[in-house]
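Worksheet for the structure shown next.
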């Protein structure tokens, strides 16, 4: 995966020098109320281990801080994303995406890179997540090592947050192809808008 770069520690919505004093908690959705099961590819407990679980813990006293690391090398970030069949956008991910992710109760994340309106990252248990800020949902993709040895498929399961901070686990009802077409239309509009502005500037300069 490559070396990691410590971005900082997020306390609420601001950076802090405070050091977390508690071990990382496992973030899982509140599946009992939905009658659903956590997919095997998102196995919450590493082999031979046992961890405390956080279910819908939004900035509570159990996780006031979130450590943010990032894969240091851009080439390593692209390589990891390619392994799991994901595309990255250029540039550093904005802090607003990290704040959004923190609301799910993560204590520690490792950023792979910025996505189109989102963030691709791992938690400290090796699970890969894809945050989509357009839909305000978190896509749990599975265990990193499983994704790199098997064909990566887009998950049909999404995590969302209710108003009280509870993480809900539900099946995505929007076809994946439709989502891709919608995003492509947004990209085309942006490119067309840029061309219009460029043409206008050229006309003004000529006049």
**Message:** I need every pair where a residue in the range 66-89 that is under 21 Å from residue 24 (Cβ atoms) has its Cβ under 7 Å from the Cβ of a residue that is crowded, with 18+ Cβ neighbours inside 10 Å and modelled with pLDDT under 90, sequence separation at least 6 or different chains.
**Reply:** none
**Message:** If residue 125 meets every condition in (1) under 19 Å from residue 114 (Cα atoms); (2) modelled with pLDDT of 90 or more; (3) assigned to a loop (DSSP other than H, G, I, E, B) apart from one, which number is that one?
**Reply:** (1)
**Prompt:** Within the range 84-105, which residues are on the phi < 0 side of the Ramachandran plot and exposed (fewer than 15 other Cβ atoms within 10 Å of the Cβ)?
**Reply:** 87, 89, 90, 92, 94, 96
**Message:** Whether any residue in the range 132-141 is modelled with pLDDT under 90, in contact with a helix residue (DSSP H, G or I) (Cβ under 9 Å, 6 or more places away or on another chain) and more than 27 Å from residue 5 (Cα to Cα) is what I want to check.
**Reply:** yes
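The values are calculated or read from the model by the stated rules, or taken from the named source; none is laboratory data. In this text the structure is predicted, and so the values were computed from the model without any measurement. Neighbour counts are summed over all protein chains in view; Cβ atoms, including those assigned to glycine, are modelled from backbone coordinates with ideal geometry.
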